[in-house]
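Q: The structure under discussion is supplied below as structure tokens; questions concerning it will follow.
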Amino acid sequence: MQAKERIRFCPSCGARSIVKNWYRLRNFVGFPIGGKRVTIRMKVQRYKCKECDFDQQEKIPFATGSCSYTHRFAKYVVDLLRGMTILDVSNHLSVSWDTIKEIHSSYLKRHYSPPSLDGVENIGIDEFAVRKGHVYKTIVVDLDSGRIIYVDDGKGSEALNKFWRKVKRKNIKIKHVATDLSAAFIASVMENCPDAVHVFNYFHVVKLMNEKLDDIRRKIHSLEKDINKRKVLKGTRYLLLGNSADIFDNSTRQGLRMP
Ligand SMILES: [Zn+2]
């Protein structure tokens, strides 16, 4: 079979000086019929221009560039891969493992290419452990859309280097950054994003405050000689953390005034 009628004008310079320039017989794996492998054999014409250096094969409507399979076949493979391994699909369709892998890779690349940073202003940075804590990943999320915009191996500031480089290259202006209280993240944000407001996770701030408050309570408790005052000091954590306007009990109010 032949793809379509010949081109007459040069797509590059527009001159009417296009001539045929050899052809190749190419095979394409097609959608199987009745469980049988289908091969489409086609004469693919090359054209060149006598005026410029244009030299290309004709466009094939059912396949991409130099791929040896049709669009319809590639779609079928991607559908099968949702429930089967590459090896299963390769055996089932009698097509090489490499071809199935190539179809899958190009599908993933087309649909999950590196996310764009355009319009990103507010980000969250965190790290998490995988493989039972043996491997760390650092992740950046666009807080407005919830999209994951960056993932890299490792933890700490080094894992963010590529991300900051991309931010600089694309001239992205980050307004707010949310992280935990990790010193590495704080240093990394201060160095690469000095104008952004750095927001700390509420949980980590409260945790830190509770720890400091406990330290102070313990210190005062151990220093206090008066046994009655020590009794009052004991168990005051919730009293100190509570909102004084909510405390209606008089003896509790007294306890708050005592120390
Ligand atoms: Zn030309």
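Q: Rounded to the nearest 10 Å², what accessible area does Ser12 show when all protein chains are kept and the probe is 1.4 Å?
A: Accessible area of Ser12: about 80 Å².
Q: Which lysines, on any chain, are close to Lys20 with Cα under 20 Å apart, when same-chain ones fewer than 8 places away are left out?
A: Here the lysines satisfying the reach criterion relative to Lys20 are Lys4, Lys43, Lys48, Lys50, Lys59.
Q: Continuing with the same structure: By how many degrees, between 0 and 90 and to the nearest 10, does the Cα long axis of helix 97-111 differ from the longest principal axis of the chain?
A: Long axis of 97-111 versus the principal axis of the chain: about 60 degrees.
Q: Same structure, new question: So in the chain, which Cys have no other cysteine's beta-carbon sitting under 4.7 angstrom from theirs?
A: Cysteines of the chain left without a disulfide-compatible partner: Cys67, Cys193.
Q: At a 1.4 Å probe radius, carbon and sulfur cover how many percent of the accessible area of the chain?
A: 54
Q: For the range 124-207, which trypsin sites (Lys or Arg not before Pro) are both in a DSSP coil and crowded by at most 15 other Cβ atoms within 10 Å?
A: Counting only loop positions with at most 15 other Cβ atoms within 10 Å, the trypsin sites (Lys or Arg not before Pro) in the range 124-207 are Arg131, Lys132, Arg147, Lys170, Lys173, Lys175.
Q: Under a GNM of the chain (C-alpha, springs under 10 Å), which listed residue has the highest mean-square fluctuation: His176, His111, His221?
A: His221
Q: Right, something else. When the label point is put 7 Å from the Cα of Phe31 along its Cα-to-beta-carbon vector, which residues of the range 46-69 have a backbone N closer than 17 Å?
A: Answer for the range 46-69: 61-64, 69.
Q: A follow-up question, please. Quick one: what are the phi-derived ³J(HN,Hα) couplings along the range 147-162, Karplus 6.51/-1.76/1.60 with θ = phi - 60°, whole Hz, x for glycine and proline?
A: 6, 7, 10, 6, 9, 9, 6, x, 9, x, 5, 4, 5, 9, 3, 5
Q: Could you work out how far apart the two model spin labels at Asp118 and Cys52 are, taking each label as a point 7 Å from the Cα in the direction of the beta carbon, and quote it in nm?
A: 2.7
Q: Could you sort Lys50, Lys75, Lys101 by their accessible area in this structure, using a 1.4 Å probe and putting the largest first?
A: Heavy-atom accessible area, descending, gives Lys50, Lys75, Lys101.
Q: Near Lys132, which lysines are there with a Cα under 28 Å away, not counting those fewer than 8 places off in the same chain?
A: Lys155, Lys162, Lys207
Q: Moving on to the next point. At most 11 other C-beta atoms within 10 Å and a DSSP loop state: those are the exposed chymotrypsin sites (Phe, Trp or Tyr not before Pro) I care about. Give me the longest piece of the chain that has none.
A: 113-247
The values are calculated or read from the model by the stated rules, or taken from the named source; none is laboratory data. Keep in mind that what you see is a predicted model, and the values were worked out from it rather than measured. Every residue, glycine among them, receives a Cβ derived from its backbone with ideal geometry; neighbour counts consider all protein chains shown. Keep in mind that these areas ignore ligands, DNA and RNA; they rest on the heavy atoms of the full protein, side chains included. Shrake-Rupley method; radii C 1.70, N 1.55, O 1.52, S 1.80 Å.
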